[in-house]
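The values are calculated or read from the model by the stated rules, or taken from the named source; none is laboratory data. Here the structure is a predicted model, which means the values were calculated and not measured. All Cβ positions, glycine included, derive from the backbone under ideal geometry; neighbour counts span all protein chains shown. With ligands, DNA and RNA removed, areas are computed over all heavy atoms of the protein, side chains included. Shrake-Rupley method; radii C 1.70, N 1.55, O 1.52, S 1.80 Å.
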Amino acid sequence: MIAIVDYGVGNIRSVERALVRVGAAARLTSDPDDLAAADGIVLPGVGAFAPALARLVESGLGGRIVELSRLGKPILGVCLGYQLLFEESTEHGRHAGLGLLPGRVVDVAGAGRVPVIGWCRVAQTGPSPLWAGVPDHSYFYFVHSFTPGQSEHRIGCSDHSPAAAAADGNVMGTQFHPEKSGADGLRLYANFVGLCG
């Protein structure tokens, strides 16, 4: 079972539908114990960093995600959920993140129109099981004003996101929305589910 963390942010139903479509048993949950029972965890999110992190902390979900990541459970962050995995964000001040990936979230520099909304090519900058069967420079769908900056663990970049995807062992994430990215996005979710076996 793949647990989708429900902490009061948007976009969780589309993530659930995508995971079900690739054959996963997916469950939306706000119960930290469900995360422990799951084979893998998806942390989605749309919105602002600080209030989202506060909800994770207050609910006990953030602490459980950190604990389970250290035990080796596969974790995939998507969009804001991906940003929350980093050490720090500069969105409207400075805010500590979950600290599972080194680096900081910064504003999208040189993007012209912000937020960045639409399809962008993602160059695969490092090997990862997430990319299995996904052609390099595939298009993925982005909606964001902030992004992780340069990261030693990046596995993908786009014109406006130096670390459009990153992975460090069992902790991984994407700035783009796989659930809105057609066949390649579904393949990425299927690859994650395969790591949770």
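Mind listing whichever residues of the stretch 1-32 are in contact with a Pro (Cβ under 8 Å, 6 or more places away or on another chain) and closer than 21 Å to Arg55 by Cα? Correct list: Ile4, Val5, Val9, Asn11, Ile12, Val15. Can you spot a residue in the stretch 152-168 that is of a type in the set (Gly, Ala, Ser) and outside any strand (DSSP E or B)? Taking every residue of the stretch 152-168 in turn, none turns out to be of a type in the set (Gly, Ala, Ser) and outside any strand (DSSP E or B).
Evaluate the stretch 35-53: report whether one residue or more is acidic (Asp, Glu), at pLDDT 95 or above, over 14 Å from the mean Cα position of the chain (by Cα) and closer than 25 Å to Gly103 by Cα. Full working, then the answer.
Just the residues of the stretch 35-53 that are acidic (Asp, Glu), to begin with: 39.
After this cut, where a residue has to be at pLDDT 95 or above as well, the list is 39.
The next check asks that each one be over 14 Å from the mean Cα position of the chain (by Cα); those that pass are 39.
From what is left, the residues that are closer than 25 Å to Gly103 by Cα are none.
Within the stretch 35-53, not a single residue is acidic (Asp, Glu), at pLDDT 95 or above, over 14 Å from the mean Cα position of the chain (by Cα) and closer than 25 Å to Gly103 by Cα.
Just need a number here: residues in the stretch 81-93 that are buried (at least 24 other Cβ atoms within 10 Å of the Cβ) and either at pLDDT below 95 or over 16 Å from Ser145 (Cβ atoms) (or both). Show your work before the answer.
Initial filter on the stretch 81-93 (buried (at least 24 other Cβ atoms within 10 Å of the Cβ)): 81-86, 89.
Now drop any that are not either at pLDDT below 95 or over 16 Å from Ser145 (Cβ atoms) (or both), which leaves 85, 89.
So the answer is 2.
Restricting to the stretch 126-150, and then to whatever is farther than 17 Å from Tyr189 by Cβ and touching a residue at least 60 places away in the same chain (Cβ under 8 Å), can you tell me which residue is most open to solvent (accessible area, probe 1.4 Å)? Going through the qualifying residues, I end up with Val143.
Assess whether Tyr189 counts as being at negative phi and open to solvent by 50 Å² or more (accessible area, probe 1.4 Å). So Tyr189 fails the test.
Within the stretch 48-74, residues that are within 17 Å of Glu91 (Cα to Cα) and of a type in the set (D, E, K, R) have Cβ atoms under 6 Å from residues that are in a loop (DSSP other than H, G, I, E, B) and open to solvent by less than 40 Å² (accessible area, probe 1.4 Å) in these pairs: Arg55/Tyr7, counting only partners at least 6 apart in sequence or on another chain.
Here is a yes/no grid of residues against (1) under 25 Å from Ile65 (Cα atoms); (2) open to solvent by less than 10 Å² (accessible area, probe 1.4 Å):
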site: His153; (1), (2): yes, no
site: Gly173; (1), (2): yes, yes
site: Glu179; (1), (2): yes, no
site: Gly182; (1), (2): no, no
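Taken over the stretch 6-31, the criterion of being surrounded by fewer than 18 Cβ atoms within 10 Å (Cβ to Cβ) and free of Cβ contacts under 8 Å to residues at least 40 places away in the same chain is satisfied by Gly10, Arg13, Val20, Ala25, Arg27, Leu28, Ser30, Asp31.
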